[in-house]
Amino acid sequence: MKKKKRELEVCVLSDLHLGTYGCRAEEIVKYLNSIQPKLLILNGDIIDGWNFRKKYFPPSHMVVVRKLLKMMEKGTEVIYITGNHDEFLRKYSDSKLGKLKIVDKYILMLNNQKCWFFHGDIFDRTTQGYARIIAKLGGKGYDWLILFNHLMNKMRNAMGLERVSYSKRIKNSVKSAVKWIDNFEKTASELAIDEGYDIVACGHIHQPKDEIYQNENGKIRYLNSGDWVENLTSLEYCNGEWKVFYYSENEVTDLITEKEVDTILDAILEKEVSLI
């Protein structure tokens, strides 16, 4: 028996990185099939334009695009906030097409709280100027690491072992990376306090978070939606409360019917997926 989809006022997804080896497209589709949000905020790096020229965009990734279009057809409003990997969309900022709006940042009042949504790459000096080339080279190395991670987990799965995120372990073990993440969160929080916001929600650093930050000028709730490469997380707002949602295969799979799963798999295997 099909379970009812969870109704949400707001859902925030970021860093899907469609078009890369690391994108967990099938899990994204299962998650989207389990929810019914009034507002869906895509907070940057949804399509990975930096690596798109490799012409790697398999049918499973097209299923995600198709699902997002279907959600809009059924009434979900979608706010697409541009990130550094999908910056090619920034020339279309403030454009609106039906239920889809493309912006560089988004402000929303929820329960008398002023919420500020933006991807977060504005704090990352490596995406600016000449250092951008180095950042792209680093992105390629990260993409190959994710591919290695994917292949290793296939082997572990065949042996009946749990998935392991080697890329996440490496990133968390590098002191400079940990320091960069801490600086990012501090900078975003302090700027939001100075601008008079109650909540700031970012993506970019692939680090899901929900915490209160306070300094001499005030305090703010800092949120990060994480990613769908390593952490498989989102932000959900329902009944006046925010929470970080962590994807669970058992929890989400039960929320779609066998027919829906077969439809998705058929589209992937037979490559009969289109944007229409």
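Which of rounded, prolate, oblate describes the range 196-240, given a ≥ b ≥ c as roots of the alpha-carbon gyration tensor eigenvalues and a/c under 1.5 marking rounded, otherwise prolate only if a/b is larger than b/c? Since a/c reaches 1.5 but b/c is at least a/b, the shape of the range 196-240 is classed as oblate. If the chain linking ARG90 and ARG156 were pulled fully straight, counting 0.36 nm for each residue of separation and taking away their Cα-Cα distance, it would gain 19.7 nm.
The label-point distance for ASN111 and LEU191, in a model that sets each label 7 Å from Cα toward Cβ, rounds to 2.6 nm.
The numbers here are math on the coordinates, done by the rules we state, and not lab data. Given the structure is predicted, the values throughout are model-derived calculations rather than measurements. Every residue, glycine among them, receives a Cβ derived from its backbone with ideal geometry; neighbour counts consider all protein chains shown.
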